[in-house]
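Structure first, then comments.
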Amino acid sequence: MFEHFWFACGCCFLLTHELDAVRAHEWRLLPLLRSLPDELAYQLFTALHVPLYLLLAVGLFGSAGVNEALLVGLNAFFVVHALLHWLLRRHPLYSFRSALSWVLILGAAAAGAIDLILRFGRS
């Protein structure tokens, strides 16, 4: 099996969650963006994903091969991210209420947790 299968699953869930985050106006929950006009906040939220994804791709798969430390850190982030969503679920501006939203959030967390367990279980 592909060595980083569960990590790749977590990334796919999280990237799809980011599509859902646009629908759910996630920028309204973020301290730096929530004070901006909605259209500007949406544009910044969306546009900032380009350099973020580029940095992650270069960081993960740069010239030295797979960056295992970043991979582990992102797996941990997938889990922490789900916990943050759980803590925010009653916030009045929180809009991730659909089953699909939670499948994406929890799918990333589960895949990240599985990858961490498999990674450190064989050490």
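The values are calculated or read from the model by the stated rules, or taken from the named source; none is laboratory data. All of these numbers come straight from a predicted model, not from anything done at the bench. Positions of Cβ are backbone-derived with ideal geometry, glycine not excepted, and every protein chain shown enters the neighbour counts.
Could you count how many residues in the range 96-123 are among the polar types (S, T, N, Q) and buried (at least 16 other Cβ atoms within 10 Å of the Cβ)?
Qualifying residue count for the region: 1.
Residue by residue, here is whether (1) assigned to a helix (DSSP H, G or I); (2) more than 25 Å from Arg34 (Cβ to Cβ) holds:
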| position | (1), (2) |
| --- | --- |
| Asn75 | yes, yes |
| Arg90 | no, no |
| Leu93 | no, no |
| Ile105 | yes, no |
| Ala109 | yes, no |
| Asp115 | yes, yes |
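A Cβ distance below 8 Å, combined with a sequence gap of six or more or placement on separate chains, defines the contacts here; from the range 94-117, residues that are of a type in the set (Val, Ile, Thr) reach residues that are modelled with pLDDT of 95 or more and outside any helix (DSSP H, G or I) in the pairs Ile105/Phe96. Scanning the range 1-18 for residues that are closer than 12 Å to Trp102 by Cα and small (Gly, Ala, Ser) turns up nothing. When every residue of the range 15-23 is checked against the conditions, none turns out to be touching a residue at least 40 places away in the same chain (Cβ under 8 Å) and either in a loop (DSSP other than H, G, I, E, B) or on the phi > 0 side of the Ramachandran plot (or both).
Filtering the range 31-48 for residues that are touching a helix residue (DSSP H, G or I) at 6+ places or on another chain (Cβ under 9 Å) and within 14 Å of Gly10 (Cβ to Cβ) leaves an empty set.
Considering the range 24-64, the residues that are of a type in the set (D, E, K, R) and in a helix (DSSP H, G or I) include one that is surrounded by the fewest Cβ atoms within 10 Å (Cβ to Cβ), namely Glu39.
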